[in-house]
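The values are calculated or read from the model by the stated rules, or taken from the named source; none is laboratory data. Everything quoted here is computed from the prediction, not taken from an experiment. Cβ atoms come from the backbone with ideal geometry, glycine included; neighbour counts cover every protein chain shown.
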Ligand SMILES: N[C@@H](CCC(=O)N[C@@H](CS)C(=O)NCC(=O)O)C(=O)O
């Protein structure tokens, strides 16, 4: 991955499992990133507070900001799909060309986002 990339910002919580899914993809694709930790609740640094709600109106992590493209995403599946579309040029995590390859990616992605973590 190009070293000219500005680090992406992964919004996370210290105990929440979902942001790890995005961190794993970022690591696998060697994309530089920084982690910004938030707290539960609606305080100044809270996921339901006004500062975080400007980043993710869903008030949950993960959220992912990409200063290279200006794109902001949230929901694990949307963050993962974004990373694959924009950064997986060598098809490290993306599917091959067959329909079975695409279904294999979909089934494991849906399993990941629906069955592991809240
Ligand atoms: N379906 C969402 C779930 C996100 C989620 O529930 N994240 C938890 C942390 S792992 C959270 O932010 N909880 C805070 C809250 O619900 O107030 C995803 O996959 O991104």
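Scanning region 59-77 for residues that are more than 14 Å from the ligand (Cβ to nearest atom), surrounded by fewer than 19 Cβ atoms within 10 Å (Cβ to Cβ) and on the phi < 0 side of the Ramachandran plot turns up 67, 68, 69, 71.
Looking only at region 95-117, filter to residues that are within 18 Å of residue 16 (Cα to Cα) and either in contact with a helix residue (DSSP H, G or I) (Cβ under 7 Å, 6 or more places away or on another chain) or in a helix (DSSP H, G or I) (or both); which one of those is modelled with the lowest pLDDT?
117
Determine whether residue 31 is in contact (Cβ under 8 Å) with a residue 12 or more places away in the chain, assigned to a loop (DSSP other than H, G, I, E, B) and within 24 Å of residue 94 (Cβ to Cβ). Answer is yes for this residue. Residues that are surrounded by 16 or more Cβ atoms within 10 Å (Cβ to Cβ), touching a helix residue (DSSP H, G or I) at 6+ places or on another chain (Cβ under 9 Å) and either assigned to a loop (DSSP other than H, G, I, E, B) or on the phi > 0 side of the Ramachandran plot (or both) within region 39-50 comprise just one, 47.
Per-residue answers, yes or no, for (1) in a loop (DSSP other than H, G, I, E, B); (2) under 11 Å from the mean Cα position of the chain (by Cα); (3) crowded, with 17+ Cβ neighbours inside 10 Å; (4) without any contact (Cβ under 8 Å) to a residue 24 or more places away in the chain:
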position: 9; (1), (2), (3), (4): no, yes, yes, no
position: 25; (1), (2), (3), (4): no, yes, yes, no
position: 37; (1), (2), (3), (4): no, no, no, no
position: 52; (1), (2), (3), (4): no, no, yes, no
position: 57; (1), (2), (3), (4): yes, no, no, yes
